[in-house]
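Each remark here refers to the structure printed beneath this line.
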Amino acid sequence: MYNSSFDKEFFKGNRQKLRELFLGTAPIVITANGLVQKNADETLEFSQDSNFWYLTGIDEPNLILVMDKNKEYIIVPEYSEIHDFFDGKVSYDTVKNISGIEECYSDKDGWKILNSRIKKSKHVATLAANPKFISAYGMYSNPARESLITKLKEINSSIELLDLRAHLMNLRVIKQLPEIEAIKEAIGITVKTLKPIMKQKKLDTYNYEYEIEADISSGFRSKGAAKHAFTPIVGSGINSTIIHSTLNNSEIDINLPIVMDVGARFNNYSADITRTVVPGKPSKRLRNVYDAVLSAQDYALTLLKPGVILEEYEEEMEKYIGEKLRELGLIKIIDRENVRKYFPHMVSHFLGIDVHDVGDYKKPLAPNMVVTCEPGIYIPEESIGIRIEDDILITDGGCEVLSRNLPREL
């Protein structure tokens, strides 16, 4: 539950900044994520709602944060004796020490206080619920936000919801010093883990993708990471052309590329780095594709600086990669449809608590934002996929490549 790099002043400061942005007098009510069933009596691995963690530092499920004018408190759920015996009870003292919130109430007492306030309110500020099923990603959303909203409306059917997501995005996108340090630590662990794996003598020992994954997992844990920031991607040959190839169970073809897209998670902050390696001797064609991607990343790094709007930057990078695809003989005409056949994803995304962190792609970049830079070219008909990804801190004068210590050579 506790992250040593972040003291309670960090979370108290985040709550104060939210109050200053919100300005309204409506109560703010935000829920933690809930536990979700996996099978029978087992749950999926718990992952906290990033906004709830940003405001409290607490990694427990099913808690409710209430900020009402100058009063703030946490509502702690009441579980069965069976749950408490197997999983332990939530410690009020620990919640207070981490979050800096002095008042904790049981579910019954906390909702009694909140119920009285909600009945008298015209508005309540919270985080809007995602659709039950997010079709773009083929996944169901955590039900906690929808459950909270349902409960609030049962108390007061005429209450209007004020969505705090934009306010929290604007806060989280500018990283504070402890956040940058945590990201750097996650990156350092990732770099130190990948370096020996990428050496030729070590590459020669691998026969299957999962053997590389196992060494990465061991390296992360032994170097202080809590876990992977996301499901590791180790794709050889045709799997290198699948952007999110996470099965990691195929035999390695030494003459084809292996894409390793991984990141350690340290104190709730993520790294996201990709390197492409070839265990054997790469063909001239493979080298040419690799050099095209490397050139695209070099060009992208000249563009990343304060004032740049990522939507416009992506359009520029699409043209640049289009030129490279034409040089490789993959397309004749540079247009979106042709380019996206071989380059189907964005070059950059925001990075932080979430691997794909919050941020507005229509607004200018500013100092202390952290983004990735990950151009790629994928040719399924040739079983060649190349991606190079680094993590970038936007600075006053341009950008700093935080993962620069990991070689990019093929």
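Any read-out appearing in this document is the output of simple, stated calculations on the displayed coordinates, not a laboratory observation. Computed from a predicted model, the values in this text were never measured in an experiment. Cβ atoms come from the backbone with ideal geometry, glycine included; neighbour counts cover every protein chain shown.
Calculated on the Cα set of segment 177-401, radius of gyration then Dmax: 17.1, 49 Å. Remark: the chain is approximated by an ellipsoid whose semi-axes, taken from the C-alpha gyration tensor as √(5λ), come to 42, 24, 19 Å, largest first. Summing charges over neighbours of PHE266, with a neighbour being any other residue whose Cβ is under 10 Å away from its Cβ, gives +2 when K and R count +1 and D and E count -1. Of the peptides 118-129, 83-94, the order by per-residue mean of other Cβ atoms within 10 Å, starting with the highest, comes out as 118-129, 83-94. A convex hull fitted around the alpha carbon atoms of segment 180-244 yields 96 Å³ per residue.
The overall shape of segment 8-172 is rounded: from the C-alpha gyration tensor, with semi-axes ordered a ≥ b ≥ c, the ratio a/c is less than 1.5. Normalising the average separation of contacting C-alpha pairs (under 8 angstrom, six or more residues apart) by the number of residues puts the relative contact order of segment 8-172 at 26 percent. Between the listed residues LEU114, LEU35, ASN207, the Cα displaced farthest toward the positive end of the dipole of the chain, a dipole computed from Cβ unit charges relative to the Cα centre, is found at LEU114. Under Stokes-Einstein, with the Kirkwood radius over Cα pairs standing in for Rh, what whole-number D in µm²/s applies to segment 338-410 at 25 °C and 0.890 mPa s? So the translational diffusion coefficient is about 178 µm²/s. The charge dipole of the chain, taken about its Cα centre with unit charges on the Cβ of Lys, Arg, Asp and Glu (plus for the first two, minus for the last two), comes to roughly 560 debye.
Here is the result for segment 249-299: no trypsin sites (Lys or Arg not before Pro) lie in DSSP coil with at most 13 other C-beta atoms within 10 angstrom of their C-beta. Under a model in which nothing but the beta-carbon of Lys, Arg (+1) and Asp, Glu (-1) is charged, segment 11-121 shows a dipole of about 860 debye around its Cα centre.
Sorted ascending by nearby beta carbons within 10 Å, beginning with the fewest, MET198, MET139, MET369 become MET139, MET198, MET369. Of the peptides 186-197, 250-261, the order by per-residue mean of other Cβ atoms within 10 Å, starting with the highest, comes out as 186-197, 250-261.
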